[in-house]
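What follows is one structure encoded as structure tokens, with my remarks underneath.
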Amino acid sequence: MYGYSGKILHIDLKTKKNWVETKPEEWYKLWIGGVSMASRLLWENIVPGCDPLDDGNPICIANGIFTGTPVPVGGKFGLASKSPLTGFVGDSLSGSWFSIALKRAGWDGVVLHNSCDKWTHLFIDDDRVQFNDATYLLRKGTFETEEAIRDKLGDDQIRSCTIGICGENLVRYANVTNDGRQLGRTGHGMVWGKKKLKALSVRGTKGVKVFDPAALNQLSFDISKSAQGKDTEKYRIYGTATGMLSQNKAGVLPTRNFTEGVFENVEEVSGEYLDKHHKVKVVACAQCPIACEQMSIVKTGPFAGAMTGIEYESLFANSSNLGVSDMRAAIKLITISDHDGMDSISMGVTIGFAMECFEKGVLTEKDFACPSHPEGFTLNFGDGDSAVKLAEMIRDREGIGDLFAEGVRIASKRIDEERGSESWKWAMHIKGLEPAGYDSRSLKTFAVGLAVGTRGGCHNRSAAYDPDIKGETNRLTVDDTRGRVAAESEEYAAVYDSLPLCKFIRRSFTGKADRAGAWPAIAKLINATTGWNYDYDDVDLIGIRAHTIKKAFNIREGWTEKDDELPWRWKNEAMHYGPGAGVFVTDEELEYMKKLYYEAKGWTPDGMIPKELLIKLGMPDVAEQIGV
């Protein structure tokens, strides 16, 4: 088999035994890699209905088809477990040298079962598996842990996935870090922390065999050359943080816990301001010719020395969403999340929720008293210093930080039960996952895409914001095309997530980002790697199948149509400024678009998947369990 080893490594963290599962080539043709393969491995190995923190919830890692090859932005892998935030599928992607090391070690995927009895550093050294004591790594940050492992093992080619202090403390939105990149969303770090898995390291010394090296090299060269052109210029110069100004102009930049979509001080927290005042250098993921990450440092003030990579999603959540116009405070907040290992989006949105609770009188200064801050403190919008204090309390689960370490959904429920308040009206989450950086009241196609999303409030799994913002739809109204557009957008995104390839490469194939522009080129890459005979339709099916297995997983875990919902604020309160002023998504509009979406997917009116469709997609076992 070309492009794959045909082997999945299983490790039992409790018994310390491991075994190899061989998969046939036809299985790889169905599941490809990335989040598709990781989600399929999760389907096959989880104990259905288990609590996300139980031993029955495995850690499933799946490499990409192009990992370790010359294909640009192909050095990515997928991670899947049942999410402790949502109770549904938790799938994440990361681009790093960890994936290449795993491929060179001879593994297409890894499944970790059960839990360790003490804090453990797991080391996959080609075919060997070692369980090492991780006590010396505790209380170390994510980056520090990676360096400590390399120093101890004496090899700078060893690559690691690690959790930080937040994972150790079971912050519900803790993440997993590798090479400075994050498997950031849905709480993977909490799952690893509950299993007492501090780090997973890999050393791979083997090669990667492809079907047609010459053809693959030429295709990869042409794409890399195109990726240095105008279509990626804004990412190469300013990174994704350039989106602060454009989303603000569109009136969809989340501001003060999503109360508005326009931030009056956006220039002070823009990508352009970051470039001029704080950027140190740009950094690329493995196999990437674009290099969009803006490594930035605080040079003055109480947060001087704080440094990390800044992306749009992290920046909105910890600046405009908090009403904070001090870039130094925003960088400090993102540094805490990256170095200590928690989702910067969920952290920022949770702090924004806490700020609104304080401003509405639900919480008081005394509620924030703790050993580090005996007198408590105020938490108003715009107060970056207090936001940093709360972030550190969340990291350490200190005082009320213990509550906010649970995320918005649980925190809101507990506050309302205790105080008789109605904080659920400003609790911004979808299925328990805090939403990303697009206020979707005036992006109605994207709104339904978020509501029906298998992962929750995620911009990466639904690309429906694109047609809304570009004017391909009337984003302020609803019509009978929205279900189809939302379905096609998420399936389009799922193709990239399954290969996986970074979506920033999408215009580098032919200059067009649509299916007609990208799918034929992707088929050529697949065929040169594997020797298969993939065509346009086969590529399209990758996304359909990937999304379907995740939806099937959620159904088996108890999903119903009622879970496809939006935050109360987006359905009842309009913004006052910008192009979307006066607009929100009504209950009637959401229900109408959901029905259109289910119909476009070929599902039943209540969102269930017909057996016939599952069988057609090559999933007869899934059809037997959840098909209707």
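The values are calculated or read from the model by the stated rules, or taken from the named source; none is laboratory data. Please read these numbers as outputs of a predicted model, since none were measured by experiment. Quick reminder, even Gly has a Cβ in these numbers, built from the backbone with ideal geometry, and neighbours come from all protein chains shown. Just so you know, the surface numbers come from the protein's heavy atoms only, side chains and all, with ligands and any DNA or RNA stripped out. Shrake-Rupley method; radii C 1.70, N 1.55, O 1.52, S 1.80 Å.
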Could you calculate the FRET efficiency of D514 with K299 from 1/(1 + (r/R0)^6), where r is the beta carbon distance between them and R0 is 35 Å, rounded to 0.05?
0.25
Which residue, I544, W570, M608, has the largest displacement toward the positive end of the dipole of the stretch 478-628 when charges sit on each Cβ (Lys, Arg +1; Asp, Glu -1)?
I544
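Say the cut-off is 29 Å between C-alpha atoms; which of K195/K366; K118/K152; K360/K595; K103/K601; K7/K225 go over it? Before the final figure, lay out the partial values.
Working: K195/K366 35 Å; K118/K152 19 Å; K360/K595 36 Å; K103/K601 34 Å; K7/K225 34 Å.
Flagged as over cut-off: K195/K366; K360/K595; K103/K601; K7/K225.
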Can you work out ³J(HN,Hα) from phi for every residue in the stretch 116-126, in order, using Karplus 6.51 cos²θ - 1.76 cosθ + 1.60 and θ = phi - 60°, giving whole Hz and x for Gly and Pro?
7, 8, 8, 4, 10, 10, 8, 10, 9, 10, 6
What distance in nm separates the simple spin-label points at D621 and H576, each placed 7 Å from Cα in the Cβ direction?
5.6
Simple Cβ-charge dipole of the chain, Lys/Arg +1 and Asp/Glu -1, about Cα centre, in debye nearest 20:
1320
Per-pair calculated FRET efficiency, R0 = 56 Å: Y2 and S421 via Cβ, rounded to 0.05:
0.40
For the stretch 50-154, build the charge dipole from Cβ charges (+1 Lys, Arg; -1 Asp, Glu) around the Cα centre, then report which of G78, I124, V111 sits farthest towards its positive end.
G78
Counting only protein heavy atoms and using a 1.4 Å probe, what share of the accessible area of the stretch 524-593 belongs to carbon plus sulfur, as a whole percent?
49
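Let me spell out the model: positive unit charges on the Cβ of Lys and Arg, negative unit charges on the Cβ of Asp and Glu, origin at the Cα centre of the stretch 37-140. What dipole size does that give, in debye rounded to 20? Working shown, then result.
Details: 9 positive and 11 negative charges, 80 e Å.
Result for the stretch 37-140 is approximately 380 debye, rounded to the nearest 20.
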Separation between Cα centres of the stretch 283-337 and the stretch 469-537, rounded to whole Å
29
I need the calculated FRET efficiency for the pair L476 and A284, taking r as the beta carbon distance and R₀ as 45 Å, to the nearest 0.05.
0.75
Give me the distance between the Cα centres of the stretch 162-196 and the stretch 338-414, rounded to whole Å.
19
Karplus 3J(HN,Hα) series, Hz, for the stretch 385-390 with 6.51 cos²θ - 1.76 cosθ + 1.60 (x for Gly, Pro):
4, 5, 4, 5, 4, 5
Quick calc: nm separation of the 7 Å Cα→Cβ label points for N380 and T560 -> 4.5
Picking from G6, S489, V622, whose Cα lies most toward the positive end of the charge dipole for the chain (charges on Cβ: Lys, Arg +1; Asp, Glu -1)?
G6
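Just flag the trypsin sites (Lys or Arg not before Pro) in the stretch 480-580 sitting in loop per DSSP whose Cβ has no more than 14 other Cβ atoms within 10 Å.
K512
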In 10 Å bins starting at zero, report the fraction of Cα pairs in the stretch 242-287 per bin as a rounded %.
27, 41, 25, 8
In whole Hz, the Karplus estimates of ³J(HN,Hα) for the stretch 338-344 (6.51, -1.76, 1.60; θ = phi - 60°; x where Gly or Pro) are 6, 6, 9, x, 9, 4, 5
Show that you can apply the helix-only estimate: for the chain, add -39,500 (n - 2.57) for every DSSP H stretch of four or more residues, divide by all residues, and state [θ] at 222 nm to the nearest 500.
-11500 deg cm²/dmol
Residue-normalised value, i.e. accessible area per residue, for the chain at 1.4 Å probe, in Å², stands at 34
Protein accessible area in the stretch 437-500, 1.4 Å probe - carbon and sulfur %:
43
Per residue, how much space in cubic angstrom lies within the convex hull of the C-alpha atoms of the stretch 543-608?
113
Computed over the stretch 71-165, Cα set: Rg, Dmax in Å
14.2, 40
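Just to confirm the filter: which trypsin sites (Lys or Arg not before Pro) across the stretch 114-160 are DSSP coil and have at most 13 other Cβ within 10 angstrom of their Cβ? The partial results should precede the final answer.
Numbers: sites: K118, R128, R139, K140, R150, K152, R159; in loops: K118, R139, K140.
Within the stretch 114-160, the qualifying trypsin sites (Lys or Arg not before Pro) (loop, at most 13 other Cβ atoms within 10 Å) are K118, R139.
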